[in-house]
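Below is one structure; the comments refer to it alone.
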Amino acid sequence: MKSLRLAVLALAVSLSACKSMPGSESDINAVLAASGLESQLAWLRQPLQEDRTSGPLALIPDDWIRVVNATVAETVKPGDIRGALYDEMKKSLSGSELAQVRRFYESDVGRKVVAVEGGRLQGRTGSAALNDATLDALASATGLGKAVSLLAENALGDAVDIALKTGCLGEQPGYAKLLGGVMKKAQLLALRNAVNDSIRERYASLSSQEQSMYLDFARSGAGQKFFSTRTTVLNDFAQKAGNMLGAQLTPRINEVCKSSA
């Protein structure tokens, strides 16, 4: 009996050790590839959209949007982000947890989620997909778009501040005052709402069952660790990139202003 108890204890210790063992390089790379990282990096490098037809964002000159996006694309380094994500996932997720994340993303629902988050699949699937509470819960649990919104707001705010500081809008004092005051705040809020709406619309492409399955995964132990790690790394790089934009944007915004004067 004693030997049996020892055998059971040894098995339990062994299983526990297996669950806490770090993941292999192939496990981590497989998760990074399967989870749609590349499409999120592409979105992060082009945070401002040009299809602004109405509202405060419609007042932003198209040339500004193109210059800001080009500057952001040069500042955001995908290779550095991949490397940081790899390191953090290696520290934060065990081999067992990585396996759970990989299984989800390589499932039929997981592959559809990646297509939806990457903007390759759009359109509501029916009345069941209009559950706003579920859509908001998904956006909150996965952290999708937070880094994009953060970087877009920093970039747009810098562009407006640079234009005002250098007198780019000096011949349009009314417009300059509008951009620098209430309108700037309204633009940043509209920008944040536009990103959030885009995310919710993407998730609305999932059926009610698919949304529930994704939310269950996002709230699981492995899912929470994965999304927390990914969101933290992406937000960190977005903040760093945002802090570096001012010096690069100044001559470019000035050049746009001169050419349109």
Cα-projected label distance for SER140 with ALA33, points at 7 Å along beta-carbon direction, nm: 3.5 nm
Separation in nanometres of the label points that stand 7 Å from Cα toward Cβ, at ARG82 and GLU106: 1.9 nm
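If you take every residue apart from PHE227 with its C-beta less than 11 Å away from the C-beta of PHE227, what net charge results, scoring Lys and Arg +1 and Asp and Glu -1?
Working: positive: LYS146, ARG219, LYS225, ARG230; negative: none.
For residues surrounding PHE227, the net value is +4.
Laboratory data are not the source of any read-out in this text; all were calculated from the coordinates shown. Everything numeric in this text was worked out from a predicted model, so none of it was measured. Neighbour counts run over all protein chains shown; Cβ positions are idealised from the backbone, glycine included.
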